[in-house]
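Student: Input: one structure, supplied below.
The values are calculated or read from the model by the stated rules, or taken from the named source; none is laboratory data. These numbers were taken from a predicted model, which means no experiment stands behind them. Cβ placement follows ideal geometry from the backbone for every residue including glycine, while neighbour counts extend to all protein chains displayed.
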Amino acid sequence: MAWGRRRPAALKPDELARAWRRSMRAAVNKDWAAAETWLERIVESDSADLDAYHALARLYREQGAVGRAIRMHQNLLLRTDLPKKDRSEALFELARDFEDGGFNERAAATYEEFLDLEPRNTEAITRVIPLLGEQREHARALALVRKLRRSDAEAAQRLETDLLLGRSRNCLNEGDHDGARQALKRCLRRNKNCAPAWAMLGELETERGKSKKALDAWKRAAMGDAEIARELYSKIDAGFAAKGKPAEFDVFLREVLSQRPQDGFARIALARALAGRGEGHAAIEEIARAIEVEPDAMALRAELGRQLLAANQESEALKAYAELVETIDRMPVEEETLV
């Protein structure tokens, strides 16, 4: 609110209605300054109009003036005549202010205060769980997950997975490998396809000298997530080699590709495995076929150039790199591509 400036005359009832219309018109036109001005006039003229209070505070928050939004909601909560429903709304909005402002501890405390009034509010539960996780209040967070599971099982599973992954990372940072493993096992009981959990479990099993269990965990992770798989292919390859069964890496990659035929990273890993065993021609054919399916995949074109150079096919390699440059030139600057 524009503190310190001369307060304009209070608006009459017909002027208040007009001010509401003008504030809404300004908001529709995204003229936030005008909308703010008219809402301020309404609030100054009628402090009992809580809709205007909340609308103005939200506008402040959306425009980045979180401090002003916080002050408005705190002032509102100081009112002794505030009905229970309006107090709940003000608490929730204050929690949102704190959260948007990065005051996560205060946001969590305010959400919990709000939940004392509205214990089944799904949005508040969903918002406070990760905040409690950040503060390592895992018991309180998991209790809320159990409550959320009754109304939104999918969101509860996602939040519980994030919480348990966070707990395992905290345990690892503190050197508590048993605690990390316990959290990961619990995570995987809830979500057996959680690729990050399988990847982390693989690392823990490696440290225990359990190479077979590590390999199995990494395979599960790679099957579940293409981005995570990209970081794991070399470890999986080494795991099969350590077992004396390097060809099984090819079998695994072909299984991945049967489920994700456009996974360029798996295709590149397969080509490199083939080339590593002296099957350079087969490696080149793998990449060439993949490019036919995805002609704009730059990583595939770059890999084709590498494989051709390794096979001493310099002229073909130069042609492949020229086509790579042409592909890059065709790409919009902001577009993300396979690299």
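Student: Can you pull out every residue in the stretch 87-134 that is of a type in the set (S, T, Y) and touching a Lys or Arg at 6+ places or on another chain (Cβ under 7 Å)?
Tutor: Taking the stretch 87-134 and keeping what is of a type in the set (S, T, Y), we get 88, 110-111, 122, 126.
Answer for the stretch 87-134, where residues must be of a type in the set (S, T, Y) and touching a Lys or Arg at 6+ places or on another chain (Cβ under 7 Å): just Y111.
Student: Does A155 qualify as being at pLDDT 90 or above and buried (at least 17 other Cβ atoms within 10 Å of the Cβ)? If you could, list the steps in order and put the result at the bottom.
Tutor: Values: at pLDDT 90 or above: yes; buried (at least 17 other Cβ atoms within 10 Å of the Cβ): no.
Spelling it out, it is not the case that A155 is at pLDDT 90 or above and buried (at least 17 other Cβ atoms within 10 Å of the Cβ).
Student: Given the criterion out of contact with any Lys or Arg (no Cβ under 9 Å at 6 or more places or on another chain) and either of a type in the set (K, R) or in a helix (DSSP H, G or I) (or both), identify the matching residue among A266, A282. Steps first, answer last, please.
Tutor: Values: A266 fails: out of contact with any Lys or Arg (no Cβ under 9 Å at 6 or more places or on another chain).
When all the criteria are applied, what remains is A282.
Student: Of all residues being modelled with pLDDT under 95 and in a helix (DSSP H, G or I) in the stretch 189-199, which is nearest to the chain's Cα centre (by Cα)? Just the residue, please.
Tutor: R190
Student: Out of the residues in the stretch 165-179 that are among the hydrophobic types (A, V, I, L, M, F, W, C) and touching an Asp or Glu at 6+ places or on another chain (Cβ under 9 Å), state the one that is nearest to A226 (Cα to Cα).
Tutor: L172
Student: Which residue out of L148, L184 is over 17 Å from the mean Cα position of the chain (by Cα) and either closer than 24 Å to A226 by Cβ or exposed (fewer than 15 other Cβ atoms within 10 Å of the Cβ) (or both)?
Tutor: Working: L148 fails: either closer than 24 Å to A226 by Cβ or exposed (fewer than 15 other Cβ atoms within 10 Å of the Cβ) (or both).
Being over 17 Å from the mean Cα position of the chain (by Cα) and either closer than 24 Å to A226 by Cβ or exposed (fewer than 15 other Cβ atoms within 10 Å of the Cβ) (or both) holds for just one of L148, L184, which is L184.
Student: Test each condition in (1) closer than 21 Å to E112 by Cα; (2) within 20 Å of the chain's Cα centre (by Cα); (3) not β-branched (V, I, T) for A143 and report the one that comes out false.
Tutor: (2)
Student: Another one. Give A241, A290 a once-over and let me know the one that is assigned to a helix (DSSP H, G or I), of a type in the set (G, A, S) and either within 30 Å of T206 (Cα to Cα) or out of contact with any Lys or Arg (no Cβ under 6 Å at 6 or more places or on another chain) (or both).
Tutor: Details: A290 fails: either within 30 Å of T206 (Cα to Cα) or out of contact with any Lys or Arg (no Cβ under 6 Å at 6 or more places or on another chain) (or both).
When all the criteria are applied, what remains is A241.
Student: Considering the stretch 75-86 alone, what residues qualify as being out of contact with any Asp or Glu (no Cβ under 9 Å at 6 or more places or on another chain) and either within 20 Å of Y60 (Cβ to Cβ) or not in a helix (DSSP H, G or I) (or both)?
Tutor: Within the stretch 75-86, the subset out of contact with any Asp or Glu (no Cβ under 9 Å at 6 or more places or on another chain) is 75, 77-78, 80-86.
Listed by number, the residues that qualify are N75, L77, L78, T80, D81, L82, P83, D86.
Student: Checking the structure you have, find out if any residue of the stretch 59-82 is surrounded by 16 or more Cβ atoms within 10 Å (Cβ to Cβ), modelled with pLDDT under 80 and out of contact with any Gly (no Cβ under 8 Å at 6 or more places or on another chain).
Tutor: yes
Student: So for the stretch 252-274 (the condition being small (G, A, S), farther than 24 Å from K213 by Cβ and in contact with a helix residue (DSSP H, G or I) (Cβ under 8 Å, 6 or more places away or on another chain)), does at least one residue qualify?
Tutor: Yes: one or more hits.
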